[in-house]
Amino acid sequence: MENSNRVKSIEPSKSISLSAKIAELKKQGEDIIGLNVGEPDFATPAPIIEATIKALKENKTRYSLVQGLDQLRDGIAYYLNKKYNLNANKDHILLGNGSKHILYLIFQTLLNDGDEVIIPSPYWVTFPESVKLAGGVPKFVETLDNFQLDLNAIESAITDKTKVILINTPNNPTGAVYNEESLNKVVELAVKYDLKIVSDEAYEILTYNKVKHVNISSLSEEAFNRTLTVQSFSKSFCMTGFRIGYLCAEKSFIDDVNKLQGHLSGNNCTFAQYGALEALRLDAGLIRILTKELESRMKLAHQLFSEFFPIEKPDGAFYLFPNVTETIKKLGLKNSEELSLYILEKAKVAILPGIAFGKENHLRISFAQSREEIIEAHKRMKEVL
């Protein structure tokens with residue numbers, strides 16, 4: 001008996017495949033530098049750890065509300081209102097097991113078979129697969145040369161089957177941060193064609209070069225009512241293993257997602273939510289230190305790797321996304337996947353191929369690792385490139 005067509009339709013994660021190869025090389029005693037990893041190397045701030053331990057000691061390990069702890073949802077609403085001048089309350093917030101879980105819930109709630117979702121390319125690997133798992137059809141639209149949104153191309157891609165425009169800013173894998181003018185035009189398109197906007201903002205705190213992140217739902221009341229904002233504690237607070245993401249949306253949509261989550265997974269980890277609550281209380285200075293250090297690493301990595309490839313300087317997240325067309329030709333390789341394997345085997349540096357993000361002839365290089373590792377990775381790559 002065969003498995004479902006639904007599962008057959010989705011692509012395996014390239015990052016997971018590469019991780020298996022890295023594990024194999026490490027077993028053989030190879031020293032691999034992992035610039036493929038999408039998480040900062042900083043420790044989770046001590047107050048978050050302490051709050052989580054305190055919750056465990058107080059036996060806060062039982063079932064909790066499916067939608068999330070009241071005090072955490074109140075805290076998230078307060079955080080969003082203060083930062084983006086929203087008018088949200090806890091009824092507009094739902095907790096999930098990381099951003100991936102939230103995206104799955106959104107598309108299962110929104111889409112019927114054949115509904116289309118417009119996804120600017122390059123894109124995070126999970127977006128199209130979440131759409132397909134809900135019976136939807138991803139429609140990819142190329143971004144401009146600087147990875148900003150091509151609004152004309154987005155409008156041209158809209159059909160009578162289109163239900164959603166998906167936005168990811170700051171962007172993974174390009175580091176692009178979309179400006180307010182572009183986001184206002186996305187809202188205009190959503191109103192004109194009666195669409196929802198899914199806005200993944202997992203890297204909202206991590207912006208550089210004096211560029212500010214714009215929360216699309218804050219642009220107007222209409223924008224708030226049409227936007228499903230996905231955010232996470234993983235990147236901004238170094239809490240990747242806690243698996244705490246959240247959705248901010250109008251109440252009727254939250255109610256339907258909550259109904260689905262009640263059958264799918266129930267509540268999210270109770271004691272981890274107390275750690276997330278403490279994260280919202282952190283001194284803003286700690287976050288500035290994190291962002292300043294990542295900006296320093298970005299400048300270092302951009303300077304070093306620009307020796308090999310042309311690279312658009314990122315304004316957010318923690319990735320470079322260089323064009324490697326000439327390098328592929330020079331080495332007589334076929335594509336970005338072969339190049340990433342070549343660099344892994346010859347230089348012992350792990351980097352993800354651009355094709356994993358829908359963009360051939362590119363690589364995604366993470367600068368979330370230490371400066372020493374970035375410098376050593378450059379040295380090793382220089383010897384083989």
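The listed residues are Lys83, Lys100, and the only one of them that is closer than 30 Å to Leu339 by Cα, within 21 Å of the chain's Cα centre (by Cα) and open to solvent by 20 Å² or more (accessible area, probe 1.4 Å) turns out to be Lys100.
Within region 287-297, identify whether any single residue is under 22 Å from Leu144 (Cβ atoms) and aliphatic (A, V, I, L, M), and answer yes or no. No: region 287-297 contains no residue that is under 22 Å from Leu144 (Cβ atoms) and aliphatic (A, V, I, L, M). For region 233-329, the helices (runs of 4 or more DSSP H) that sit wholly inside it and include 2 or more residues that are at pLDDT 95 or above, over 23 Å from His362 (Cα atoms) and open to solvent by less than 10 Å² (accessible area, probe 1.4 Å) are 251-264, 270-279. On inspection, Ala347 passes the criterion of being open to solvent by less than 10 Å² (accessible area, probe 1.4 Å) and farther than 30 Å from Glu201 by Cβ. Quick one: which of Leu94, Leu72 is open to solvent by less than 20 Å² (accessible area, probe 1.4 Å), within 21 Å of the chain's Cα centre (by Cα) and more than 17 Å from Ile205 (Cα to Cα)? None of the others qualify; the one that does is Leu94.
If you filter region 351-367 down to residues that are among the charged types (D, E, K, R) and touching a residue at least 40 places away in the same chain (Cβ under 8 Å), you find that the one that is farthest from Leu206 (Cα to Cα) is Lys359. Pairs are defined by a Cβ separation below 9 Å, a sequence spacing of at least 6 or placement on different chains, a first member in region 117-140 that is more than 20 Å from Asp194 (Cα to Cα) and part of a loop (DSSP other than H, G, I, E, B), and a second member that is open to solvent by 40 Å² or more (accessible area, probe 1.4 Å) and hydrophobic (A, V, I, L, M, F, W, C); the pairs so defined are Tyr123/Phe140. Being of a type in the set (A, V, I, L, M), touching a residue at least 24 places away in the same chain (Cβ under 8 Å) and either in contact with a strand residue (DSSP E or B) (Cβ under 6 Å, 6 or more places away or on another chain) or closer than 30 Å to Ile287 by Cβ (or both) is the filter here, so list the residues in region 19-48 that pass it. The answer is Ile22, Ile32, Ile33, Leu35, Val37, Ala43, Ile48.
Residues that are in contact with a Leu (Cβ under 9 Å, 6 or more places away or on another chain), among the aliphatic types (A, V, I, L, M) and open to solvent by 70 Å² or more (accessible area, probe 1.4 Å) within region 1-53 comprise just one, Val7. Checking the stated criteria, Ser296 turns out not to satisfy the condition of being in contact with a strand residue (DSSP E or B) (Cβ under 9 Å, 6 or more places away or on another chain) and touching a residue at least 24 places away in the same chain (Cβ under 8 Å).
Give the residues of region 335-373 that are polar (S, T, N, Q) and in a helix (DSSP H, G or I), sorted by residue number. Answer for region 335-373, where residues must be polar (S, T, N, Q) and in a helix (DSSP H, G or I): Ser336, Ser340.
Could you tell me which residue of region 153-206 is least open to solvent (accessible area, probe 1.4 Å), considering only residues that are in a loop (DSSP other than H, G, I, E, B) and under 15 Å from Pro138 (Cα atoms)? Checked region 153-206; the qualifying residue least open to solvent (accessible area, probe 1.4 Å) is Leu195.
The values are calculated or read from the model by the stated rules, or taken from the named source; none is laboratory data. All values derive from a computational prediction rather than experimental measurement. With ideal geometry, Cβ positions are generated from the backbone for all residues, glycine too; neighbour counts draw on all protein chains shown. The accessibility values were calculated without ligands, DNA or RNA, using every heavy atom of the protein model including side chains. Shrake-Rupley method; radii C 1.70, N 1.55, O 1.52, S 1.80 Å.
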